[in-house]
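As structure tokens, the structure follows; a few thoughts come after it.
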Amino acid sequence: MSTRVKLFRWRAILPLLLFVALMVLLWVLFADAFARRQAQSTLSSLLGTEVDIASLHIRATDAAIDIGGLAVADPRHPERNVLEAGGITFDLDPIPLLKKKFVLDNLKLTGLRFYTARATPARPADPSSPSSKILEETEAWARDKFQFPKLVLGRVDSLKSLVLKPEQLGTVQAARSFAGRVDSVQGAFEQSLGQLQLKALADSSSALATRLSKTDPKSLGLAGAKNTAGQVQKAIEQVKQAKARLATLEQATKTSLGSLEQGLADVEAARQRDYAFAKSQLGLPSFDAPNIGAALFGQQSTNYFQSGVHYAKVAQRYVPPGLQPWNRPGPKRTRMAGTTVEFPKEHEDPRFLLKHGTLGVAVGAAGQNLFKGEVSGITSQPSLYGRPATLVASGRLAAESPVSIDLAGMSRHFGAAPLDSVNARVGGAALPPIVFPDLPFTLDPGASNVAFRFAMTGDRLDGAWELGAEHATWSADSARLRSASLVESTVWKVVSGLTQLHVRAELGGTIASPTIKVSSNLDDAIAQRLRGLVNEQVAGAEQKARAAVDSLVGPQVAALRTKVGGLNTEVANRIPAEKGELDRVQKSLEDQLKRIAGGGLRLPKL
Amino acid sequence: MLAILKLLQSIFQTLHSEGTPGQVAAGIAIGAGIGLTPLMNAHNLVLFAALVLLNVSFGGGMLGLALFTPLGFLFDPLFDKIGLGLLNAPVLRSLWTAWYNAPLVPYTNFNNSVTLGSFVVWLATVVPLYFLTRRAVLVYRERYAERVVNSKLLRAIKASKLYNIYAWFVPQ
């Protein structure tokens with residue numbers, strides 16, 4: 001007899017409960033450390049830079065989390081932090097946690113500091129993380145799209161040799177295709193003229209007139225005279241038709257010759273462009289004011305805008321618009337991470353939402369630091385929340401000299417194209433020195449007013465960066481300055497006496513073709529002094545460039561001019577000659593017709 | 001080496017335990033689920049609770065876990081492809097969306113390609129695995145169990161110094 005096996009092992013409930021209790025105990029003991037490591041890892045991966053959290057404490061009974069000592073490293077400068085926060089407290093809404101959604105009702109952030117030095121350089125981010133890739137792409141984009149003229153200036157007292165290749169010059173291609181057009185116009189003219197068969201007509205008409213001149217009209221009789229008059233009238237009509245066709249041909253040929261003149265002008269324009277190209281190959285510096293501004297402050301401006309583009313792209317990567325499922329890398333673990341797919345749904349909470357947060361700085365004596373800010377609507381799925389994320393902050397930080405800050409930001413990733421924008425104005429901030437790597441001097445702007453505006457809407461860019469300093473100082477590297485070129489030392493003479501500095505850079509266009517315009521109050525002064533210095537050298541360079549181009553394209557262009565001139569002459573000579581011949585034949589025929597009519601035949605008037 | 005000895009001992013003890021072949025096979029099948037799928041997911045708590053509460057071989061479960069964990073690592077790229085295919089299938093989108101927004105279900109991490117892929121593969125193979133294992137245990141016990149117990153190899157292993165070292169760490 002077989003015994004029936006029981007389905008449940010009820011006596012195992014107690015060990016299972018003990019196991020669960022052990023798990024809870026482990027959670028109580030290690031949850032904070034686990035959550036801190038997880039938060040560090042997630043934020044580092046998200047921002048593409050090292051994020052450190054000194055402490056994290058989960059207050060389960062209050063549904064709150066306290067974070068202490070948050071430091072976010074600058075992804076482009078590992079030796080400094082972009083942001084440090086002394087303390088952060090989150091108030092969690094516990095209900096959405098059931099659905100693994102983190103809805104923070106409130107956030108309090110204190111002890112906020114920006115751009116602080118790190119004790120140890122930040123670890124490089126995982127190069128395979130999306131943020132690192134975005135940073136790499138943005139850096140490559142900036143290098144590719146923004147190239148500023150160098151103000152190295154070099155030595156302008158000697159010009160390097162210039163060797164050009166025919167395929168580099170637009171004139172060669174333009175001349176080649178234009179020569180074909182000239183041949184085609186000439187061929188068409190010859191062919192059309194031949195098709196008119198003017199010589200045959202003139203010969204037969206002349207022969208008729210000659211024959212009639214030897215005939216007595218009275219000997220023809222009435223019928224013969226009438227018949228002969230008909231022949232003459234027909235011949236005259238043919239001559240008139242030929243003259244009309246010749247006039248049409250003349251008109252068409254004149255039009256073609258006009259287009260050939262335009263073609264010659266185009267070839268000439270190509271040659272002018274080749275002169276400019278050849279001049280650029282000489283490496284001669286441009287001393288136009290806009291180039292001076294771009295050369296001095298272009299890189300500095302690009303760095304600011306590049307940061308804006310980077311953070312906007314990170315936001316667009318991690319906060320996708322719309323309600324479509326979207327893929328993100330799975331969690332880091334011993335097993336393969338795989339891909340985690342989000343499935344947002346209308347009227348549900350987003351996966352992450354910070355409804356409201358306050359920022360504050362609590363450094364120094366009360367009243368010295370009055371910096372406050374608010375953030376709202378920061379979410380991973382803005383289409384579900386339906387409102388843009390905003391940041392507004394303003395105040396004054398009393399360091400050695402007071403610094404005023406106004407900051408506003410918005411991120412709207414729903415509706416039409418996603419928009420990320422920031423508007424910042426800082427007054428009285430001591431900026432770090434601006435180094436010009438190619439020049440033997442450095443600029444210390446001192447206490448400055450800085451304004452920065454940046455917006456990326458879809459792929460459209462709009463931004464401006466302004467710097468105003470009233471007490472800027474310039475310092476030279478004396479060793480380098482001694483060996484500096486005439487131009488470099490001239491620039492130094494101009495700038496070293498200036499204390500006021502005003503720089504403005506404007507960004508526009510699209511990601512694919514951005515535009516940047518940089519200007520400063522130094523531009524005109526430097527440009528004027530430099531132009532006076534190097535006028536003679538510039539003229540020499542221009543002459544050299546022209547000679548190099550002319551040696552390659554001069555004979556071709558001259559041959560074209562001769563060809564077009566020859567065609568002009570041919571048309572100008574041949575058409576009047578043919579027309580004169582036809583006129584002569586017509587008159588001769590008309591004379592004979594009158595003679596026949598005078599012989600007794602009444603003919604209709606011509 | 002000690003890990004291999006431990007595995008061999010686990011296999012041996014399981015095969016020679018008093019559990020029926022069905023209990024051993026069910027334990028192995030449940031353990032395979034824990035081993036094949038990434039560990040830190042809510043569904044593994046359910047599987048572990050089932051292993052403890054159901055009258056199946058716990059040793060079989062541990063054996064299944066030990067045998068199928070390496071297979072899980074090995075087949076992760078396949079699980080990733082299967083899981084991603086299922087998650088991105090338009091016909092299943094409404095199901096995933098409902099689960100994603102349901103209480104507790106998201107803690108299973110079903111929306112991760114490796115987790116879903118490995119779980120689906122386990123589901124598809126669990127019944128054949130159960131019957132195959134049960135048959136294998138039956139055949140073993142009928143034909144080989146006694147011979148293995150009396151084999152020279154087993155006796156040699158038990159007499160070896162390495163086994164003695166291992167035995168120090170085995171609770172009695």
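Quick note: the coordinates plus some simple rules give every number you see, no bench work behind them. From a predicted model like this one, the values you see are computed outputs, not experimental measurements. Here the Cβ is made from the backbone with ideal geometry for all residues, glycine too, and neighbour counts use every protein chain on show.
Site pair A:Ala408 and B:Ala89 shows an inter-label distance of 5.1 nm when each label is modelled 7 Å from Cα along Cα→Cβ.
Rounded to the nearest Hz, the phi-derived 3J(HN,Hα) couplings of segment A:375-387 under the Karplus curve 6.51 cos²θ - 1.76 cosθ + 1.60 (θ = phi - 60°) are 10, 8, x, 7, 8, 8, 9, x, 5, 6, 7, x, 10, where x marks glycine and proline. Dimensions of segment A:168-224 from C-alpha coordinates, computed as largest minus smallest value along each principal axis and given longest first, are 80, 17, 9 Å.
Note on A:Ala265 and A:Glu136: the extension gain reaches 41.8 nm, defined as 0.36 nm multiplied by sequence separation minus the Cα-Cα distance.
So how do A:296-308, A:243-255 stack up, highest first, on mean other-Cβ count within 10 Å?
Details: A:296-308: 20.6, A:243-255: 15.0.
Highest mean packing first, the order is A:296-308, A:243-255.
Binning the C-alpha pair distances of segment B:2-168 at 10 Å intervals from 0 yields a P(r) profile of 10, 31, 30, 18, 8, 3, 0 %, listed from the shortest bin outward. Kirkwood hydrodynamic radius of segment A:461-606, from the reciprocal of the average inverse Cα-Cα distance over all distinct pairs: 24.1 Å.
The Cα atoms of segment B:28-94 give a gyration tensor whose axes a ≥ b ≥ c have a/c of 1.5 or more with a/b no greater than b/c, which makes the shape oblate. Projecting the Cα atoms of A:Ala337, A:Ser551, A:Leu384 onto the charge dipole of the protein assembly as shown, computed from C-beta unit charges around the Cα centre, puts A:Ala337 farthest toward the positive end. Backbone geometry of segment A:314-319 corresponds, through the Karplus equation with coefficients 6.51, -1.76 and 1.60 at θ = phi - 60°, to 3J(HN,Hα) couplings of 4, 4, 5, 6, 9, 10 Hz, x marking Gly and Pro. Listed cross-link partners A:Lys563/A:Lys587; A:Lys133/A:Lys165; A:Lys108/A:Lys345; A:Lys6/B:Lys152; A:Lys145/B:Lys81 are compared with a 31 Å cut-off, the Cα-Cα value being larger for A:Lys563/A:Lys587; A:Lys133/A:Lys165; A:Lys6/B:Lys152; A:Lys145/B:Lys81.
The calculated Kirkwood hydrodynamic radius for segment A:368-447 is 15.4 Å, given to one decimal from all distinct C-alpha pairs. Of the cross-linked pairs A:Lys199/A:Lys226; A:Lys313/A:Lys355; A:Lys199/A:Lys254; A:Lys99/A:Lys372; A:Lys100/A:Lys332, those separated by over 29 Å at the C-alpha level are A:Lys99/A:Lys372.
In this structure, the amide hydrogen of A:Gly330, modeled 1.01 Å from its nitrogen in the peptide plane, lies closer than 5 angstrom to those of A:Gly338, A:Thr339, A:Thr340, counting only residues at least 5 positions away or on a different chain. Given R0 = 60 Å, the distance between the Cβ atoms of B:Ile11 and A:Ala39 translates into a calculated FRET efficiency of 0.90.
Placing dummy labels 7 Å off each Cα toward the beta-carbon, the span from A:Asn106 to A:Ile511 is 3.9 nm. Beyond 48 Å, the tail of the calculated P(r) for the protein assembly as shown holds 54 percent of the Cα pairs.
Add +1 for every Lys or Arg and -1 for every Asp or Glu among the other residues with Cβ under 10 Å from the Cβ of A:Gly395, and state the total.
Net charge in that neighbourhood comes out at +1.
In order along segment A:127-140, the Karplus-derived 3J(HN,Hα) couplings, from 6.51 cos²θ - 1.76 cosθ + 1.60 at θ = phi - 60°, round to x, 8, 6, x, 5, 5, 5, 5, 4, 4, 4, 5, 5, 5 Hz, and Gly and Pro are given as x.
Evaluated over the Cα positions of segment A:33-93, the convex hull gives a direction-averaged projected area, one quarter of its surface, of 4.2 nm². You can think of it this way: the chain between A:Phe8 and A:Gln147 has 42.5 nm of extra reach, that is 0.36 nm per residue less the Cα-Cα gap. One chain, two ends: A:Ala21 and A:Gln281. Fully extended at 0.36 nm per residue, the span grows by 85.7 nm beyond their Cα-Cα distance. With a cut-off of 13 Å between beta carbons, the residues surrounding A:Phe371 carry a summed charge of +1, where Lys and Arg count +1 and Asp and Glu -1.
Residues within the reach of a label modelled at A:Ala337 (point 7 angstrom out along Cα to beta-carbon, backbone nitrogen below 18 Å), restricted to segment A:303-325, are A:314-320. Once C-alpha pairs closer than 8 Å and six or more residues apart are averaged by separation and normalised to the residue number of chain A, the relative contact order reads 15 percent.
Between the amide H of A:Ile434 and those of A:Leu443, A:Asp444, distances stay under 5 Å, these residues lying 5 or more places away or on another chain, with hydrogens modeled in the peptide plane. Note on A:Lys234 and B:Tyr107: the model spin-label points, each 7 Å out from Cα along the C-beta direction, lie 11.3 nm apart. For A:Leu370 and A:Ser55, a Förster radius of 25 Å and the Cβ-Cβ distance give a FRET efficiency of 0.35, rounded to the nearest 0.05. Using only side-chain charges placed at the Cβ, +1 for Lys and Arg and -1 for Asp and Glu, the dipole size of the protein assembly as shown relative to its Cα centre rounds to 2640 debye.
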